[in-house]
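A.B. asks: The following block contains the structure, expressed as structure tokens.
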Amino acid sequence: MSKPTDLVQGTLDLLVLRVLSLEPMHGWSIAQRIRQMSKEQLRVGQSALYPALHKLEQQGWIDAEWAISENNRRAKYYRLTSAGRKALKTETAQWERLSSAISLIVKPA
Amino acid sequence: MRWTRTFRLRLRSLFRRRRVEQQLADELQYHLERLIDDLIAAGATPQDARYAALREMGAIEQRKEECRDARGLRLFFALGRDLRYSVRQLLRYPVFAAAAVLTLAMGIGPNATIATVISCVFRPLPVADADRLTVLATTVSANPRIWQRLAYPDYQDYKSSTAPFSDMAVWDLNSVGLTADGRTDRVISTVVSGNYFSTLHLDPAAGRLILPSDGELGGTRPIVVLSHSYWTRRFGASSSAVGREVRIDGRPFTVVGVAQEGFHGTFRLLSSEVYLPLELFQSRARLSNRDVLSVRVIGRLKPEFALDEARASIDAVAKRLERDHPTTNAGRRVRVYSERLARPEPQTASQGPALAAVFLMLVGAILLIACANVLGLFLARGLGRGREMTIRRSLGASRWDLVRLCVLEALVIAFLGASAGAIAGVVVARALASVAVAPGFPLFLELRLDWGTQTYVAILMVVSTLLIGLLPAIRASRVDPRSDLSDGKASTDGRQRHLIRKGLAAAQIAGSMVLLVVCGLFIRSVQSLQSVDLGFDATRVLLASMDPGAVGYDVGRTRAFYEVLDATVEALPGVESAAASVFVPFGTGNSTPYIAAEGQAPPSSTTGVLADRHLVTGDYFRTIGTPLLRGRTFSSVDTQGSAKVAVVNEALAARLWPGDDPLGRRFRSSSDPDSTFEVIGIVQDARYRRDEIGGSAVPRYFASLDQFSAAARTLHVRSRTRTAETLTSTVTETIRRLDSAVPVYDVYTLERQINDSGSGFGGAKGAAMMTGVLGMLALTLAVVGTYGVLSFTVRARTREIGIRMAFGLAPRRVFRMLLRETWNIALFGVAIGLAASIATGKVLEGFLFGVPPYDPVTLLGVVVIMGAVSTLVGVFPARTASRLNPIETLRYE
């Protein structure tokens, strides 16, 4: 089980952006969604998630507003901004380059 | 824009901090609740689920802090906290804070004063694209002098055949009498060409300005443009003033408009009140004479040309003119200056900025001394705070946190000190400007705390913050959190700490010494100026100037007026004699034509001898006390119709007729080309200008006011008593009784004219006074600083001294030991100060008179002062130490 700190630097940002590209959601469901999408392989703790969200918001890649959640409570919903969409594209491309490069070395010939 | 958004978010986090904090808490709370729900759904009891969730969440406060960090605001909040803390700290030690702020204000104040004055003198003209304006000035080869005027025909040639200038205009200053509503003011006027205002890109505030369509030289229609300030002061800014008639020098003129507010003419230091067509005030003959430097020229550069290109282009034309007009233009060149640097006159373009730099350096030294004092205070307090810093370190403050705290404290002090200093500095500058009334020169300085000065003070504030805060900060950052917090102290302090303190004291002594030496050099300059035999007797002479021309007197009425006046004044009790002259020794006005002995080529700038021309009445030499060596002075036989006569000085006689008897010889002058002067008398050489002092007298001739009339004259009245001032009211009254409409001005003694005016010794005297005040300020600061260091040293060494005394060191020897220490510091400071003083003196050499920059009297005097002061300062702490009771000091520990 990978702990988020073990994730390659900046990967968490990429995951958050990717998940938010599906629909606006709050912190809890972002964590849940990452778990589901990674088939329970990645578990993002709130200790890393919230600072990351605040940083992304400060950078202007995501936006936040308060709304009523599925269990009828007020929750902070994050949404991808257009800058965030652009960032997601470049980050994804970069990630693909990086992971394929690493695969080339790690996979036996 | 992303950064605007980021900025907005930051602002939101800053100013709606409570809300942001609340939201952060809510968000994490929501997460916690979902976690609990999840665990309950998985089968845990609510109690267990809550504990498990809280465990997983970890330290929520730490999470919040991380989120705040992510928003990049931690530093900001920490700064705010530190700032509040520093202010609280300073309030807890009000005496320390007040001393530090006051000391710094004393250091910044003089800087603000000097910066205000400099900024006022070199502020751009209030016109569009002022940086494109240039000033032209004439030079002649083999003569170091720079003339601020050009020959009008030269100007026309430069204007028509140089590409880099978009326009050039001519102007000059003139005093006129303006009569309106039965009252006559004597005002400074600028006589201008038609394109003067258009070259400057100025618009009228009311009516219209003098326009190119009025004529190249402003035209012959009697029109006048008022300055905005004069319009406001004299006519209450009434729009009906435009179009009305006023009298100027007795002639009717129509007010056509008002110049833009804030524009005071193109001569800095004077405020021009009215603008008149140049053509009405200068004769065509004079203007068309290529040999007469008749007009001041201001030029505007096209945006695409640099100053160097303009210079090259002007040079090319000058060379052509030299070929085309060899009799007048041989060796004549024209220099181009940036208008801002050529203030007040192009002659000072090379000196002004240098003098400004020297004064900024001197007041900078005062600031350094003040900073050293405040630093001393901070360091002394820092000792007491070592414990506090250690505790902070142990409790988790980073080195950087401590450094920030120290620098912030310094910043608070520096900010308060700089604000107080800047305000006080400008107030002092204004007071100085109102006190420094130069006789015969209505000095105009618009002193205000402008942007330039504010920026300069802000820079000084930052510099002082660093000077004051950095060393304590470095100290604080070196605190070892593991060090012993117990009170045990070494008996003696580190050597290095004392070295820094002593170094500071020595630097202060050195700095104040430089100022005192500069002051001394200026005092000695004034002394040597005043000790020079001027060749006339300035005591007991009262001057009174008047201008019947301002109310329209013609030549005949003028002569009659002065004849009656002369007789009436001479009949006054207490008056020994009276005479009139157009110019005053060491005054601003002068006339310097070229002369040539009869039989030589007609005098021109290339063939003649440059001479001073004076117009006086017959009693002038007796009144001013210049001995007539041979021949006679003017008398009633010399009238307008008779042959022109002159009295010459020895220098002129020796120059024109070396070895021959000049009496009865004749010469010609370029200022009166139609006359030939016969020499009827020879007077002893006298000094009428500053540049004659220390050198030889210039050739000078005196012509008769009966033969060459001038309306504006200065009456010289020799009193029978030592105090010529007592005649002031009687003389003024006498003139008023003759005609109360005639403006009378500049009534003061000849001694004042010489000692206080800008063309006399006023500059050196002013500099001596100013550096004297600065020097005293610096010395006071240095004394306080040195005293502080010494008494601190004694306090820090109490235990050591106690032990020494317990072992039998006599109090007398303790006293001597400490006094010697003071002397060591002083000696070190004086040595550095001597070197710095001589270097500064070298820079100022051009401003000194008859004093070498290493003047031994000054240096010795200052060294003695410094020795005496440092001894005095050292005696008290040394005496305190020698009276210590060794038992008590040891028990105290």
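The values are calculated or read from the model by the stated rules, or taken from the named source; none is laboratory data. Keep in mind the model is a prediction, meaning the values are calculated, not measured. Cβ: placed from backbone, ideal geometry, glycine included. Neighbour counts: every protein chain shown.
A.B. asks: For segment A:66-81, give me the residue count where each residue is within 11 Å of chain B (Cβ to nearest Cβ) and either touching a Pro at 6+ places or on another chain (Cβ under 6 Å) or under 13 Å from A:Leu20 (Cβ atoms) (or both).
C.D. replies: Here is the first cut: in segment A:66-81, the residues within 11 Å of chain B (Cβ to nearest Cβ) are A:66, A:69-71, A:73-78, A:81.
Applying the additional criterion that residues be either touching a Pro at 6+ places or on another chain (Cβ under 6 Å) or under 13 Å from A:Leu20 (Cβ atoms) (or both) yields A:76-78, A:81.
Going through segment A:66-81 one residue at a time, the tally reaches 4.
A.B. asks: Let me ask something else about it. Looking at segment B:522-531, is at least one residue crowded, with 20+ Cβ neighbours inside 10 Å, in contact (Cβ under 8 Å) with a residue 12 or more places away in the chain and on the phi > 0 side of the Ramachandran plot?
C.D. replies: Step one: filter segment B:522-531 for residues crowded, with 20+ Cβ neighbours inside 10 Å, giving B:522-526, B:529.
Next, from what is left, pick out any that are in contact (Cβ under 8 Å) with a residue 12 or more places away in the chain: B:522-526, B:529.
If we keep only those that are on the phi > 0 side of the Ramachandran plot as well, we get none.
No, that holds for no residue.
A.B. asks: Sort out for me the helices (runs of 4 or more DSSP H) sitting completely within segment B:1-106 that have 1 or more residues that are at pLDDT 70 or above and facing chain A (nearest Cβ under 9 Å).
C.D. replies: B:17-41, B:46-57, B:60-70
A.B. asks: Additional query: Out of B:Leu280, B:Leu270, B:Leu307, which single residue is out of contact with any Phe, Trp or Tyr (no Cβ under 6 Å at 6 or more places or on another chain) and farther than 18 Å from B:Leu150 by Cβ?
C.D. replies: Criteria check complete, one pass: B:Leu280.
A.B. asks: On to the next question. Could you tell me how many of the residues in segment B:738-768 are touching a helix residue (DSSP H, G or I) at 6+ places or on another chain (Cβ under 8 Å) and farther than 19 Å from B:Gly587 by Cβ?
C.D. replies: Counting residues in segment B:738-768 that are touching a helix residue (DSSP H, G or I) at 6+ places or on another chain (Cβ under 8 Å) and farther than 19 Å from B:Gly587 by Cβ gives 6.
A.B. asks: Shifting gears a bit: Quick test for you: out of B:Leu301, B:Leu269, pick the one residue that is buried (at least 16 other Cβ atoms within 10 Å of the Cβ), aliphatic (A, V, I, L, M) and either closer than 16 Å to B:Tyr155 by Cβ or modelled with pLDDT of 90 or more (or both).
C.D. replies: Exactly one residue qualifies, and that residue is B:Leu301.
A.B. asks: Select from segment B:690-713 the residues that are modelled with pLDDT of 90 or more and among the polar types (S, T, N, Q) and list them in ascending order.
C.D. replies: If the condition is that a residue be modelled with pLDDT of 90 or more and among the polar types (S, T, N, Q), then B:Ser704, B:Gln707 are the ones that fit.
A.B. asks: A further question follows. If you take just the helices (runs of 4 or more DSSP H) that sit entirely in segment A:26-109, which of them hold at least 2 residues that are touching a Leu at 6+ places or on another chain (Cβ under 9 Å) and farther than 15 Å from B:Glu27 by Cβ?
C.D. replies: Correct list: A:27-37, A:82-106.
A.B. asks: Need pairs with beta-carbon distance below 9 Å; first residue among the acidic types (Asp, Glu) and within segment B:572-597, second at pLDDT 90 or above; sequence gap 6+ or separate chains.
C.D. replies: B:Glu576/B:Arg540; B:Glu576/B:Glu570; B:Glu576/B:Arg622; B:Glu576/B:Thr623; B:Glu576/B:Val717; B:Glu576/B:Arg718; B:Glu576/B:Ser719; B:Glu576/B:Arg720
A.B. asks: Considering only segment B:388-400, I want to know if a residue exists there that is under 28 Å from B:Val95 (Cβ atoms), within 15 Å of the chain's Cα centre (by Cα) and not basic (Lys, Arg).
C.D. replies: For segment B:388-400, residues under 28 Å from B:Val95 (Cβ atoms), within 15 Å of the chain's Cα centre (by Cα) and not basic (Lys, Arg): absent.
A.B. asks: Against the definition (surrounded by 17 or more Cβ atoms within 10 Å (Cβ to Cβ), of a type in the set (A, V, I, L, M, F, W, C) and either part of a loop (DSSP other than H, G, I, E, B) or in contact (Cβ under 8 Å) with a residue 60 or more places away in the chain (or both)), how does B:Trp171 come out, yes or no?
C.D. replies: yes
A.B. asks: Determine if segment B:84-105 includes at least one residue that is surrounded by 13 or more Cβ atoms within 10 Å (Cβ to Cβ), farther than 30 Å from B:Ile459 by Cα and touching an Asp or Glu at 6+ places or on another chain (Cβ under 7 Å).
C.D. replies: No, the conditions are met nowhere in segment B:84-105.
A.B. asks: Any idea which of B:Thr588, B:Thr592, B:Thr492 is of a type in the set (Val, Ile, Thr), at pLDDT below 90, within 30 Å of B:Pro326 (Cβ to Cβ) and surrounded by fewer than 24 Cβ atoms within 10 Å (Cβ to Cβ)? Outline the logic, then answer.
C.D. replies: On the way: B:Thr588 fails: within 30 Å of B:Pro326 (Cβ to Cβ); B:Thr492 fails: within 30 Å of B:Pro326 (Cβ to Cβ).
Result of the check over B:Thr588, B:Thr592, B:Thr492: B:Thr592.
A.B. asks: Next up: Among (1) modelled with pLDDT of 90 or more; (2) among the hydrophobic types (A, V, I, L, M, F, W, C); (3) outside any loop (DSSP other than H, G, I, E, B), where does B:Ala507 come up short?
C.D. replies: In the conditions (1) modelled with pLDDT of 90 or more; (2) among the hydrophobic types (A, V, I, L, M, F, W, C); (3) outside any loop (DSSP other than H, G, I, E, B), B:Ala507 misses (1) alone.
A.B. asks: Ok, one more. Which of the residues spanning segment B:386-414 are surrounded by fewer than 18 Cβ atoms within 10 Å (Cβ to Cβ) and in a helix (DSSP H, G or I)?
C.D. replies: Correct list: B:Gly386, B:Arg387, B:Glu388, B:Ile391, B:Ser394, B:Arg399, B:Trp400, B:Asp401.
A.B. asks: Also: Any residue at all in segment B:155-165 that is buried (at least 21 other Cβ atoms within 10 Å of the Cβ), hydrophobic (A, V, I, L, M, F, W, C), part of a strand (DSSP E or B) and out of contact with any Gly (no Cβ under 7 Å at 6 or more places or on another chain)?
C.D. replies: no
A.B. asks: Determine which member of the set B:Arg879, B:Arg883 is basic (Lys, Arg), loosely packed, with under 14 Cβ neighbours inside 10 Å and touching a residue at least 24 places away in the same chain (Cβ under 8 Å).
C.D. replies: Exactly one of B:Arg879, B:Arg883 is basic (Lys, Arg), loosely packed, with under 14 Cβ neighbours inside 10 Å and touching a residue at least 24 places away in the same chain (Cβ under 8 Å), namely B:Arg883.
A.B. asks: Continuing with this model, one more query. Can A:Lys107 be described as away from chain B (no Cβ under 11 Å) and modelled with pLDDT of 90 or more?
C.D. replies: Spelling it out, it is not the case that A:Lys107 is away from chain B (no Cβ under 11 Å) and modelled with pLDDT of 90 or more.
Conditions (1) within 25 Å of the chain's Cα centre (by Cα); (2) buried (at least 21 other Cβ atoms within 10 Å of the Cβ), marked per residue:
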residue: B:Arg799; (1), (2): no, no
residue: B:Gly802; (1), (2): no, yes
residue: B:Met805; (1), (2): no, yes
residue: B:Ala810; (1), (2): no, no
residue: B:Thr822; (1), (2): no, yes
residue: B:Gly829; (1), (2): no, yes
residue: B:Ala839; (1), (2): yes, no
residue: B:Pro856; (1), (2): no, no
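A.B. asks: Out of the residues in segment A:82-100 that are surrounded by fewer than 14 Cβ atoms within 10 Å (Cβ to Cβ) and among the aliphatic types (A, V, I, L, M), which is farthest from the other protein chains (Cβ to nearest Cβ)?
C.D. replies: Top of the filtered list is A:Leu98.
A.B. asks: Before we move on, is B:Ile735 over 26 Å from B:Asp612 (Cα atoms) and touching a helix residue (DSSP H, G or I) at 6+ places or on another chain (Cβ under 8 Å)? Please lay out each step first, then the result.
C.D. replies: Working: over 26 Å from B:Asp612 (Cα atoms): yes; touching a helix residue (DSSP H, G or I) at 6+ places or on another chain (Cβ under 8 Å): yes.
Yes: the conditions hold for B:Ile735.
A.B. asks: Hey, among the residues in segment A:41-60 that are more than 9 Å from chain B (Cβ to nearest Cβ) and in contact with a strand residue (DSSP E or B) (Cβ under 8 Å, 6 or more places away or on another chain), which one's surrounded by the fewest Cβ atoms within 10 Å (Cβ to Cβ)?
C.D. replies: Filtering segment A:41-60 for residues that are more than 9 Å from chain B (Cβ to nearest Cβ) and in contact with a strand residue (DSSP E or B) (Cβ under 8 Å, 6 or more places away or on another chain), the one surrounded by the fewest Cβ atoms within 10 Å (Cβ to Cβ) comes out as A:Gln41.
A.B. asks: Now for a different question. Out of (1) closer than 20 Å to B:Glu33 by Cβ; (2) within 12 Å of the chain's Cα centre (by Cα); (3) within 11 Å of chain B (Cβ to nearest Cβ), the odd one out for A:Arg35 is which?
C.D. replies: Condition not satisfied by A:Arg35: (3).
A.B. asks: For B:Val532, which of the numbered conditions (1) more than 26 Å from B:Leu781 (Cβ to Cβ); (2) at pLDDT below 85 fails to hold?
C.D. replies: (2)
A.B. asks: What is the number of the single condition among (1) outside any strand (DSSP E or B); (2) touching a Lys or Arg at 6+ places or on another chain (Cβ under 6 Å); (3) surrounded by fewer than 20 Cβ atoms within 10 Å (Cβ to Cβ) that B:Arg722 does not meet?
C.D. replies: Looking at each condition in turn, B:Arg722 falls short on (2).
A.B. asks: Let me ask something else. Do we find that B:Ile865 is out of contact with any helix residue (DSSP H, G or I) (no Cβ under 6 Å at 6 or more places or on another chain) and within 28 Å of B:Cys371 (Cβ to Cβ) in this structure? Quick ask: steps written out before the conclusion?
C.D. replies: On the way: out of contact with any helix residue (DSSP H, G or I) (no Cβ under 6 Å at 6 or more places or on another chain): yes; within 28 Å of B:Cys371 (Cβ to Cβ): yes.
In short, yes.
A.B. asks: Sticking with this one: Among the candidates B:Arg244, B:Arg233, single out the residue that is touching a strand residue (DSSP E or B) at 6+ places or on another chain (Cβ under 9 Å) and of a type in the set (Lys, Arg).
C.D. replies: B:Arg244
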